[in-house]
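Each remark here refers to the structure printed beneath this line.
Each reported figure results from applying straightforward, stated rules to the coordinates on display, with no laboratory input. Given the structure is predicted, the values throughout are model-derived calculations rather than measurements. Quick reminder, even Gly has a Cβ in these numbers, built from the backbone with ideal geometry, and neighbours come from all protein chains shown.
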Amino acid sequence: MRRFIFLIGVLILMFFLVLIGYFLPFSNPSEPAPNLTEELATLSSLSPNSNIKTVAICNESNFCQDYKITCNNGEVIEKNPVPGAFIQHPKDWKDERNIDYESLCK
């Protein structure tokens with residue numbers, strides 16, 4: 001009798017797990033994510049002299065944000081912040097990269 005009750009309990013648990021998995025709004029793996037679709041469209045529209053890179057741009061209070069930089073023929077044509085890719089460094093932090101923000105694509 002105990003085995004029967006245990007078996008019924010396991011079956012009910014499995015039923016609810018399958019039910020939860022079926023109704024949860026997980027992304028459909030057969031469809032690319034919207035950002036990936038936009039990224040692929042952007043890449044396919046660029047000329048052969050174009051490239052995309054990321055760079056952290058910091059301000060005077062040592063707050064740094066990653067940006068996606070799109071270059072074409074050595075010029076910045078688009079600069080978009082990367083969501084969630086930022087950091088606030090301490091006041092005494094020094095950026096030792098020596099980046100010339102005016103010539104990111106050269």
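Approximating the spin labels as points 7 Å out from Cα along Cα→Cβ, the ASN80-to-ILE5 distance works out to 5.9 nm.
Quick one: grab the alpha carbon gyration tensor of the stretch 49-92, order the square roots of its eigenvalues as a ≥ b ≥ c, and give me rounded if a/c is under 1.5, else prolate or oblate depending on whether a/b is larger than b/c. Because a/c hits 1.5 or more and a/b exceeds b/c, the stretch 49-92 counts as prolate.
Determine, from the Cβ-Cβ distance of LYS94 and ASN49 and an R0 of 35 Å, the FRET efficiency 1/(1 + (r/R0)^6), rounded to the nearest 0.05. Walk me through the numbers before you get to the answer.
Values: r = 35 Å, r/R0 = 0.99.
FRET efficiency, LYS94 to ASN49: 0.50.
Among GLU96, GLU78, the order by Cβ neighbours within 10 angstrom, fewest to most, reads GLU96, GLU78. Here the Karplus relation 6.51 cos²θ - 1.76 cosθ + 1.60, evaluated at θ = phi - 60°, turns the backbone of the stretch 53-59 into coupling constants of 9, 10, 8, 7, 10, 10, 9 Hz, with x for every Gly and Pro.
Annotation: lysines with alpha-carbon distance below 25 angstrom to LYS106 (same-chain offsets under eight excluded): LYS53, LYS68, LYS79, LYS94.
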